[in-house]
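The values are calculated or read from the model by the stated rules, or taken from the named source; none is laboratory data. Worth saying up front: this structure is predicted, and the values here are computed from it rather than measured. Methodologically, a virtual Cβ is constructed for each residue, glycine included, from the backbone with ideal geometry; neighbour enumeration extends over all protein chains shown.
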Amino acid sequence: MNNTLKVNEIFYSLQGEGPHTGMAAVFLRLAGCSMNCPFCDTRYAFAQGQDMTYAEIINKLEQYPCRNVIITGGEPTEQDFAPLARLLKQRGWTVHMESNGAQNADVSDIDFLVISPKKHVCPDMLAKAHAIKIVVGQDTDLEELKTYFPYANGRTAVCLQPQSNKQENIDLCVKLIKQNPFLKLSLQMHKLAHIK
């Protein structure tokens with residue numbers, strides 16, 4: 001078993017989007033993503049990163065006064081994150097993960113899984129999600145968007161996130177949510193509040 005991951009950055013902040021907006025968390029951003037979406041706001045994580053052992057990662061995480069960790073990227077499922085998630089759970093961490101859901105992965109030790117579908121998504125990952133967060137812009141295919149609506153239930157939230165917090169995209173999301181009141185709005189609070 002390879003006990004290293006390529007890490008782009010580790011930092012302490014607040015969750016800026018989705019159902020846990022405002023929650024203090026340590027972010028573990030893994031390097032690498034093969035999706036290459038044009039609107040991605042973490043393109044710097046595609047290639048930049050350093051190899052860190054699980055022990056080094058845990059040591060760094062435990063420097064902060066918080067027991068919530070969000071594994072993000074890049075795209076975390078392109079690396080073998082599951083053994084680290086298990087170790088973190090054993091050490092009392094609450095483990096969240098954000099993924100594009102393109103490939104099926106072992107998320108059995110993830111307490112809260114957010115899937116943000118992009119070009120393609122694995123149905124198995126959608127079924128495991130606690131939240132499905134869809135970036136919505138003026139060119140969003142609204143018919144395709146509707147394919148995610150049936151996932152909204154008592155366990156899984158379906159959130160619309162206006163691309164780049166642009167007002168026209170916010171207006172579109174609000175309109176869609178008013179028409180489909182089981183949906184939720186997810187603004188990128190960290191950008192509005194100018195925090196990392």
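Being touching a Ser or Thr at 6+ places or on another chain (Cβ under 9 Å), of a type outside the set (D, E) and part of a loop (DSSP other than H, G, I, E, B) is not true of Q63. Could you tell me which of the residues Y64, Y44 is within 22 Å of I10 (Cα to Cα), in contact (Cβ under 8 Å) with a residue 40 or more places away in the chain, of a type in the set (F, W, Y) and out of contact with any Pro (no Cβ under 8 Å at 6 or more places or on another chain)? Answer to the selection: Y64. Answer with yes or no whether I58 is more than 21 Å from H190 (Cα to Cα), β-branched (V, I, T) and surrounded by fewer than 19 Cβ atoms within 10 Å (Cβ to Cβ). Taking the combined requirement at face value, the residue satisfies it. The residues of the stretch 145-191 that are without any contact (Cβ under 8 Å) to a residue 24 or more places away in the chain and either of a type in the set (S, T, N, Q) or in contact with a strand residue (DSSP E or B) (Cβ under 8 Å, 6 or more places away or on another chain) (or both), listed by number, are T147, N153, Q167, I170, V174, I177, Q179. Selection of the stretch 149-196 for residues being over 15 Å from the mean Cα position of the chain (by Cα) and β-branched (V, I, T) yields I170, V174, I177, I195. For the stretch 99-118, the candidate set comprises residues that are in contact with a strand residue (DSSP E or B) (Cβ under 6 Å, 6 or more places away or on another chain) and in contact (Cβ under 8 Å) with a residue 60 or more places away in the chain; within that set, the residue that is surrounded by the most Cβ atoms within 10 Å (Cβ to Cβ) is V114. Does K133 fit the bill of being of a type in the set (K, R), within 15 Å of the chain's Cα centre (by Cα) and at pLDDT 95 or above? The answer is yes for K133.
Of A82, A47, A55, which residue is closer than 21 Å to M125 by Cα and small (G, A, S)? Matching residue, one of A82, A47, A55: A82. For K89, the conditions (1) in a loop (DSSP other than H, G, I, E, B); (2) charged (D, E, K, R); (3) over 15 Å from the mean Cα position of the chain (by Cα) all hold with the exception of (1).
Do we find a residue being of a type in the set (A, V, I, L, M, F, W, C), modelled with pLDDT of 95 or more and closer than 21 Å to M23 by Cα anywhere in the stretch 138-153? No: zero hits.
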